[in-house]
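J.: One structure is given below, represented as structure tokens, and several questions about it will come after.
Every number in this text was worked out from the coordinates using simple rules, so none of it is lab data. Predicted, not measured: the structure shown is a model, and the values here were computed from it. Every residue, glycine as well, gets a Cβ built from its backbone with ideal geometry; the counts of neighbours run over all protein chains shown.
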Amino acid sequence: MTPVLALSGVTRRFGPIAVLHGVDFDLRPGEVHALIGENGAGKSTMMKIMAGFLSPSEGTVMVDGAPAAFADHRAAEDAGIVMIHQEFNLAAPLSVEENIFLGREMRRGPFLDRRAMQAESRRLLERLDCPLDPRRRIADISVPNRQMVEIAKALGRSARVLIMDEPTAVLTTRETETLLVQIDRLRAAGTAILYTSHKLGEVKAIADRVTVLRDGRKVLEAPAADLTEDQMAEAMVGRDLTDLYPAKGPGGADVVLSVSSLTVPGHVEDASFTLKRGEVLGFAGLVGSGRTELMEGVVGLRPSTGRVEINGRALKRGDVLAAREAGLVYLTEDRKEKGLLLGKSLAENLTLLALDKFSGLTIDTKAEATALTDAIAEFDIRAKDRLMRAGNLSGGNQQKLLLAKTMLAEPDIVIIDEPTRGIDIGTKQQIYTFIRRLADAGKSVIVISSEMPEVIGLADRVVVMQAGRIAGEVTGEAIGEAAIVRLAMGLGPAGGHPAGPVHTTKGGDLKEAPAP
Amino acid sequence: MNDTASSGRTFRLDLHVLGPLLALIALVLIGASINDNFLSAGNITNVLARSAFIGIIAVGMTFVITAGGIDLSVGSMAAFVAGVVILTMNALIPALGVSWLTIVAGMLTAIAAGLLAGLLNGVLIAKVGIEAFIVTLGTMGIYRSLVTWLADGGTLSLDYALRTLYRPVYYGGIWGVAWPIIVFALVAVIGEIVMRRTPFGRHCAALGANEQVARYSAVKVDRTRILTYVLLGFLVGIAVIMYVPRLGSASASTGVLWELEAIAAVIIGGTVLKGGFGRVWGTVVGVLILSLIDNILNLASMVSPYLNGAIQGVIVILAVVLQREKKAAD
């Protein structure tokens, strides 16, 4: 079968630096071809070349076996090739229908033909088995539904090739399953799908073929059925990855953080928990179960009622600076919007949280430069040059910079929200090791994570949240997927009575209508 | 901040940094070639002293804009504060006499009134959460109307004897440098240091670049934002202290369009209008460019001085186009 889209000997340079070296790749109708690799391996560049956002420095892009040179992504779209970006290209204040038809509105005379557009939107969404009202605003619908709208938009442009950049990075397990079913359906209809993800289990489940990129070179291409997840990971990283998670510690002794009856209006109801010295405490639960909001309430980023004590002393509510001074910091899950100033230099980002440590009346820029040198070494931040902007770092290196920034405040208690979101497996390992080292050094760490293996592999103790409440706690040997899922679904501990209302059938909707 | 880093765009970036300076040098050369008097001490003093009011205000405006705000009220605020100062000093003459004591009391009034007015803007914007544009559009109207009302539609004049005593604050100086120039220079130098080298300056830029990130980085977001407006109000007070002895009066037409000139100077100087990056020295260059254009048109006979505004407008638009080119180059 002729590949619908192929690359032949494609090299791409940015200035003197080549990020792709003579890559061959092909995508056939009716197949899901997974493209995997570490951050910075060249996946994005490759996808952008195929979707017409970039042109190759050498080599050719071929559509239906014939060389094609896209002037821009519109030209690629005209050839039926559509890329769905990780950050959606949707206008939040507009409706679903308006987004699907943005730029190619149907008209009746000089006026918009809303009825026809709504009907067509409905039809497209139905094809995806997504019964969404086209009149709802994008801002009001859930993230997975936005994903569906993006796909519907692509289908509406009669896409034959869908290039999906980490479509499941922000989805829960349940939402991911829904998406995978839809992808399966599209494949059956003959759409060619290029799929990237850091979740190898998912790749194994959905892909027909897998191509692995490392440092801009294709190192492996094989049918997915012939590869194990470990083989994929090793091909990506180029080394053995047997010990992804470091050995656990003894757990904590005395209580350093005690939260009692904390309520964050609209998100969290009456939450109490403690954190011990030298402990890694996991927080599990569905997306939307209130984990992030609870921690934001604890450090004072959200209004809350209740009591927070650090080493027995009450913490002033609603004051992030006071929390930092008491040794408590929160590292956000949203590094691009809440964590880093993408347009600013590395040094400015690094010292922002602990700026007072670098300044008397004025800022000591020499000390800042030294701190940056130290952080680059300690956290293995791979920056092309020291003066570059934080936004130009790869995702994994941004996360390391964010970690370095947080640690510069010399906290005793660190709350890390989704420490490895959108990060490759090699960097994940580094971050896990780092978290464990912190605990071993007598600091205390709370890790919020939606990735079950991460919580299980990392935490000494796991608190599970469900619908804005703390559903229960699992310790030591009992930490396992089954125990956590039961609590996260509101079923109560194994063998016990339900702890709260049962939400098994609509867990995925919790994000849209957070309780209480 | 200084992104002279990656290869290939060094030239363009240097142009971006040096652009305003080159424009200023070009203007000086043009001025010098057109009129022999241009470089005379008298003319230079005149240009600089008259730039001082807008300049002092524009330094404050740089902080407000860098932090992602805007203040349209400063022109009206200056007029209102000047009115209040004149009324206060006139009222104090019976008690304190025509003395420096009265003048100092007037100066303190100017600063207090400026601080309060800035605080009002800042609190409405940061705490009540109204758009800066709307708040300061409102207070702009309020202060303008109040000064007109205070002057009953006419002019508020400082007592003649007191004015004579006060005059040297504008017309005098030390070592041949006029006071307004000295104050402007001091404000500019301190402003540059505060912007570049203090946590407050860094926080302003962080706030303008991304308020969420600033909040998550334990920056006191509201307090920093309010402080930018209070600082601007304070500098309006300082500008009024220098302005009142110049004419000894305030009326409905005092300070008209100062806010726009100050904003224009900030933008010409390379500060980003939507915030996140600011430089005070650039603003100073911007102020000088604007007043030199005015001065050159007055000295030369080729182009009517009435076209001053048009040329300034072209310069502002050009400055923004250059900023955008820098963005496109990234």
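J.: Go ahead and run the numbers for FRET between B:Lys220 and A:Glu473, Cβ-Cβ distance against an R0 of 30 Å, rounding to 0.05.
T.: 0.25
J.: Is the shape of chain B rounded, prolate or oblate, going by the alpha carbon gyration tensor and its root eigenvalues a ≥ b ≥ c, with a/c under 1.5 for rounded and a/b larger than b/c for prolate? Don't jump to the answer; show the numbers that get you there.
T.: Numbers: a/c = 1.93, a/b = 1.21, b/c = 1.59.
Because a/c hits 1.5 or more and a/b fails to exceed b/c, chain B counts as oblate.
J.: Segment A:5-237: D in µm²/s via Stokes-Einstein (Kirkwood Rh, Cα pairs, 10 °C, 1.306 mPa s)? Don't skip to the end; give the middle numbers.
T.: Details: Rh = 18.3 Å.
Rounded to a whole number, D works out at 87 µm²/s.
J.: Another question, if that's okay. Too long at a 28 Å Cα-Cα cut-off: which of A:Lys48/A:Lys338; A:Lys204/A:Lys384; A:Lys43/A:Lys384; A:Lys248/A:Lys344; A:Lys153/A:Lys344; A:Lys43/A:Lys443? Present the calculation step by step, with values, prior to reporting the outcome.
T.: Numbers: A:Lys48/A:Lys338 26 Å; A:Lys204/A:Lys384 33 Å; A:Lys43/A:Lys384 18 Å; A:Lys248/A:Lys344 37 Å; A:Lys153/A:Lys344 34 Å; A:Lys43/A:Lys443 37 Å.
In this structure, A:Lys204/A:Lys384; A:Lys248/A:Lys344; A:Lys153/A:Lys344; A:Lys43/A:Lys443 exceed 28 Å between Cα atoms.
J.: Under a cut-off of 17 Å between alpha-carbon atoms, report the lysines in cross-link reach of A:Lys366, not counting same-chain residues fewer than 8 places apart.
T.: By straight Cα distance, A:Lys366 reaches A:Lys357, A:Lys405.
J.: What 222 nm value per residue comes from the helices of the protein assembly as shown, counting each DSSP H run with n ≥ 4 as -39,500 (n - 2.57) and dividing by all residues, nearest 500 deg cm²/dmol?
T.: Numbers: 30 runs with 405 residues, N = 846.
Mean residue ellipticity at 222 nm (helix-derived): -15500 deg cm²/dmol.
J.: Can you sort A:Lys43, B:Lys220, A:Lys384 by how many other beta carbons sit within 10 Å, fewest first? If you can, show how the numbers build up before the last one.
T.: Working: A:Lys43 23, B:Lys220 16, A:Lys384 13.
Exposure proxy ranking, most exposed first: A:Lys384, B:Lys220, A:Lys43.
J.: If you take every DSSP beta bridge fully contained in segment A:5-237, what fraction is antiparallel? Give it as a percent rounded to 5. Kindly include the intermediate steps, with their values, before the conclusion.
T.: Values: 24 of 41 bridges.
Roughly 60 percent of the DSSP beta bridges within segment A:5-237 come out antiparallel.
J.: For B:Ala32 and B:Trp175, what is the calculated FRET efficiency with R₀ set at 22 Å and r taken between the beta-carbons, to the nearest 0.05?
T.: Values: r = 24 Å, r/R0 = 1.08.
It comes to 0.40.
J.: Continuing with the same structure: Once you place label points 7 Å from the Cα toward the Cβ at B:Asn90 and A:Asp270, how far apart are they in nm?
T.: 6.8
J.: Also, I was wondering about something else. Taking segment A:191-248, which trypsin sites (Lys or Arg not before Pro) meet the DSSP loop condition and have no more than 13 other C-beta atoms within 10 Å?
T.: A:Arg239
J.: For segment B:159-167, just list the computed ³J(HN,Hα) in residue order, Karplus coefficients 6.51, -1.76 and 1.60, θ = phi - 60°, integers in Hz, with x standing in for Gly and Pro.
T.: Once θ is set to phi - 60°, the couplings for segment B:159-167 become 3, 4, 5, 5, 4, 4, 5, 7, 2 Hz.
J.: Another one. In terms of the Cα gyration tensor, with a ≥ b ≥ c the square roots of its eigenvalues, is segment A:421-467 rounded because a/c is under 1.5, prolate because a/b exceeds b/c, or oblate? Show your work: numbers first, answer last.
T.: Numbers: a/c = 2.30, a/b = 1.11, b/c = 2.07.
In terms of gyration-tensor shape, oblate.
J.: Straight-line reach only, C-alpha to C-alpha below 14 angstrom: list the aspartates and glutamates that A:Lys218 could link to, leaving out same-chain residues fewer than 8 apart.
T.: A:Asp24, A:Asp26, A:Glu38, A:Glu234
J.: Across peptide B:205-212, how many C-beta atoms of other chains are within 10 Å of each residue C-beta, on average? Please report the intermediate quantities before stating the final value.
T.: Details: counts 5, 6, 1, 1, 6, 9, 1, 6.
Across the residues of B:205-212, the mean count of other-chain Cβ atoms within 10 Å is 4.
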